[in-house]
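The values are calculated or read from the model by the stated rules, or taken from the named source; none is laboratory data. In this text, all values refer to a predicted model and were calculated from it rather than measured experimentally. Every residue, glycine among them, receives a Cβ derived from its backbone with ideal geometry; neighbour counts consider all protein chains shown.
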Amino acid sequence: MKAIDNGFIARTRELPWLWSVAGAVIVGIAAMIAFGAFTAGNMLSAASAFVVFTVLVGLGQMLVVTSGPGNIDLSIPATIALCGGVAMRVMSAHDGALLVGVAVAIGVGIGIGLFNYALIRLLRIPPIIATLSSSFVLQSIAISLGRGSAAPPPMLENFALSRIAGVSSLAFVALAATMLVAVVLFRLVAGRSLSAVGQNAQAANLAGVRVERVRCATYVSCSVLVALAALLLAAFAGGATLDMGADYMLLSVAVVVIGGTQVSGGRASPTGVWGAACFLFLINALLNASGAGAGLRAVVYGGLIIAVTTIAGGAPAARR
């Protein structure tokens, strides 16, 4: 029996996304039993829109965490506020400025990623401190630009609110982004380099991997994905607000850990990000239905992170 248990645990660790996906399915079934098939169906339809933003920021955070122990991006909420606000002001509710607004949002994301990496690399500041510090700068800029924020262009807003067979159109954007990230991670040299850096940066350097270039690309990629999330979130909500990214600090970390990404670096799980995002959304919906407040939801998220990390066997010792 013990040998069977050990074999099962070994197999589940080879499929790190399994727990989050299974959890989402179980909670979905529980919602169907508790509220009926119709209500549960509406809940899943809503999930196809709301989980998109969590998935996109989760993918970005996943890349950063995969780059090695201690790497995390705490500037995500401020990045959402700044990129969303700038894009809405540039487009000013005009369909003709849509492509320019998208380009500006992505460009701001690239600039934020480079800024974060510069703080880490040039000033030798730990990532958690560097990105937290940059978030104050970014939030201050967003506040100065945030007065009189415009509504999104009608074309973008209509797309954000549209559905195909009951599934939000935004879900297909997130799916395309996930597939792109997965191809890069598992099929291209860049992804293998990221895994190598996350597992052991010194060994990767000796093997010829340009470690700092990989880390720079990682932070830039994270900010670009967050910028895309900000653009879609502002379109979905009817405009950008300064606090629209506040919830994604904890969520971006939660979906990465619950989704099976190795917290010590070296192993990513894009599928797990989807599973964790759906799982947390359904948990949140059930808690809301039961009248639970935001404080209890935060406690539940924290408990889930601890539980999943413990079940996964904990992170290996940190490697340089």
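For the range 90-104, residues that are closer than 21 Å to C222 by Cα and either in contact with a Leu (Cβ under 9 Å, 6 or more places away or on another chain) or buried (at least 21 other Cβ atoms within 10 Å of the Cβ) (or both) total 2.
Just for the range 118-132: of the residues that are assigned to a helix (DSSP H, G or I) and either of a type in the set (S, T, Y) or without any contact (Cβ under 8 Å) to a residue 24 or more places away in the chain (or both), which one is farthest from D73 (Cα to Cα)? Going through the qualifying residues, I end up with L122. A single entry from S162, S193 fulfils the requirement of being surrounded by fewer than 17 Cβ atoms within 10 Å (Cβ to Cβ), over 18 Å from D73 (Cβ atoms) and small (G, A, S): S162. What do you reckon, is P126 loosely packed, with under 14 Cβ neighbours inside 10 Å and either under 27 Å from I258 (Cα atoms) or in contact with a strand residue (DSSP E or B) (Cβ under 6 Å, 6 or more places away or on another chain) (or both)? When the stated conditions are applied, P126 passes them.
Name the residue, out of G68, G41, G28, G7, that is modelled with pLDDT of 80 or more, part of a helix (DSSP H, G or I) and among the small types (G, A, S). From the options G68, G41, G28, G7, the qualifying one is G28.
For G107, the conditions (1) buried (at least 17 other Cβ atoms within 10 Å of the Cβ); (2) over 17 Å from the mean Cα position of the chain (by Cα); (3) within 24 Å of V55 (Cα to Cα); (4) not hydrophobic (A, V, I, L, M, F, W, C) all hold with the exception of (1). Can you find a residue that is at pLDDT below 95, surrounded by fewer than 18 Cβ atoms within 10 Å (Cβ to Cβ), of a type in the set (V, I, T) and in a helix (DSSP H, G or I) anywhere in the range 82-89? Taking every residue of the range 82-89 in turn, none turns out to be at pLDDT below 95, surrounded by fewer than 18 Cβ atoms within 10 Å (Cβ to Cβ), of a type in the set (V, I, T) and in a helix (DSSP H, G or I).
The residues of the range 251-302 that are polar (S, T, N, Q), without any contact (Cβ under 8 Å) to a residue 24 or more places away in the chain and in contact with a helix residue (DSSP H, G or I) (Cβ under 7 Å, 6 or more places away or on another chain) amount to a single one, N284. Of the numbered criteria (1) more than 17 Å from G60 (Cα to Cα); (2) out of contact with any Ser or Thr (no Cβ under 8 Å at 6 or more places or on another chain); (3) buried (at least 24 other Cβ atoms within 10 Å of the Cβ); (4) aliphatic (A, V, I, L, M), the one L233 fails is (1). Taking the range 39-79 as the range and being buried (at least 24 other Cβ atoms within 10 Å of the Cβ) and at positive phi as the test, only G68 passes.
Return the only residue of A22, A34 being modelled with pLDDT of 80 or more, out of contact with any Gly (no Cβ under 7 Å at 6 or more places or on another chain), surrounded by 10 or more Cβ atoms within 10 Å (Cβ to Cβ) and not β-branched (V, I, T). First the steps, then the outcome.
On the way: A34 fails: modelled with pLDDT of 80 or more.
Selected residue: A22, the only one of A22, A34 that is modelled with pLDDT of 80 or more, out of contact with any Gly (no Cβ under 7 Å at 6 or more places or on another chain), surrounded by 10 or more Cβ atoms within 10 Å (Cβ to Cβ) and not β-branched (V, I, T).
Consider the range 236-250 and keep the residues that are closer than 24 Å to R297 by Cα, in contact with a helix residue (DSSP H, G or I) (Cβ under 7 Å, 6 or more places away or on another chain) and among the small types (G, A, S). The one that is surrounded by the fewest Cβ atoms within 10 Å (Cβ to Cβ) is A246.
Every test in (1) at pLDDT below 95; (2) closer than 30 Å to G41 by Cβ is passed by L180 save one, and that test is (1). Among the listed residues F115, F136, which satisfies the condition of being surrounded by fewer than 14 Cβ atoms within 10 Å (Cβ to Cβ), touching a helix residue (DSSP H, G or I) at 6+ places or on another chain (Cβ under 8 Å), without any contact (Cβ under 8 Å) to a residue 60 or more places away in the chain and of a type in the set (F, W, Y)? Only one candidate qualifies: F136.
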